[in-house]
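To start, the structure itself, in structure tokens.
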Amino acid sequence: MNTAIERHPTQLPVPFSKAVRAGGFLFLSGVLAMDAQGQIITGGIQAQTNAVLERIATVLGECGSRIGDVVRATVWLADLNDFAAFNEVYAKYFAGALPSRSTVQAQLYKGALIEIEVQAWVG
């Protein structure tokens, strides 16, 4: 086992880590807008985007990082017509520290409207 790699397990009953630190980077798994029971929350794209970014901020904090340390984001939207409404919420979270980003359309788990994964510099 490589001791330079630190894995942070998820509490969900799925086979992945919620985050992995390797060297100076922290890689978060994709985050969906789920409640504590693993169900997709109701509400539109802005409610789901807010929930996803709040969870990302929480996981980053648990791992010694913060939103301002994010250098890369990958976003999946179920409907690209939600792009403008998603961007309104996203811009508030990353104000002044916008990471590089890719956004694509995809069919998401259990009808989710959005999924986001990020990588952060933790030095």
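The values are calculated or read from the model by the stated rules, or taken from the named source; none is laboratory data. These figures come from a predicted structure and were not determined experimentally. Don't worry about glycine lacking a Cβ; one is built from the backbone with ideal geometry, like all the others, and counts go over all protein chains shown. Surface accessibility is based on the protein's heavy atoms, side chains included, excluding ligands, DNA and RNA. Shrake-Rupley method; radii C 1.70, N 1.55, O 1.52, S 1.80 Å.
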Lys/Arg +1, Asp/Glu -1 at C-beta; the chain dipole; positive extreme among 47, 4, 70 = 4
Please quote Rg/Rh for the chain to two decimal places, taking the Kirkwood radius as Rh and restricting both calculations to Cα atoms.
-> 0.96
Can you pull the percent of the stretch 19-117's accessible area that's carbon plus sulfur, 1.4 Å probe, other chains left in place?
-> 52 percent
Shape of the stretch 79-123 from its Cα gyration tensor (a ≥ b ≥ c, root eigenvalues): rounded if a/c is under 1.5, otherwise prolate when a/b > b/c, or oblate?
-> oblate
Simple spin-label model, 7 Å along Cα-to-Cβ: residue 109 to residue 39 in nm?
-> 1.7 nm
Antiparallel bridges, percent of DSSP beta bridges restricted to the chain (to nearest 5) = 80 percent
Going by alpha carbons, how many degrees (0 to 90, nearest 10) lie between the helix axis of 45-62 and the longest principal axis of the chain?
-> 10 degrees
If you roll a 1.4 Å probe over the heavy atoms of the protein chains, what accessible area per residue do you get for the stretch 12-123, in Å²?
-> 51 Å²
Is the stretch 1-55 best put as rounded, prolate or oblate by its Cα gyration tensor, with a ≥ b ≥ c the root eigenvalues, rounded for a/c under 1.5, and otherwise prolate when a/b is larger than b/c, oblate when not?
-> oblate
Given the peptides 49-57, 106-114, 34-42, arrange them by the average over their residues of other C-beta atoms within 10 Å, most packed first.
-> 49-57, 106-114, 34-42
Helix 83-93 sits off the longest principal axis of the Cα atoms of the chain, rounded to the nearest 10 on a 0 to 90 degree scale, by 40 degrees
Taking square-rooted eigenvalues a ≥ b ≥ c of the alpha carbon gyration tensor, is the stretch 34-100 rounded, prolate or oblate, where a/c under 1.5 means rounded and, failing that, a/b exceeding b/c means prolate?
-> oblate
Backbone HN-Hα couplings from phi across the stretch 26-40 [Karplus 6.51/-1.76/1.60, Hz, Gly and Pro as x] | 10, 10, 9, 5, x, 10, 9, 7, 10, 8, 5, 8, x, 9, 5
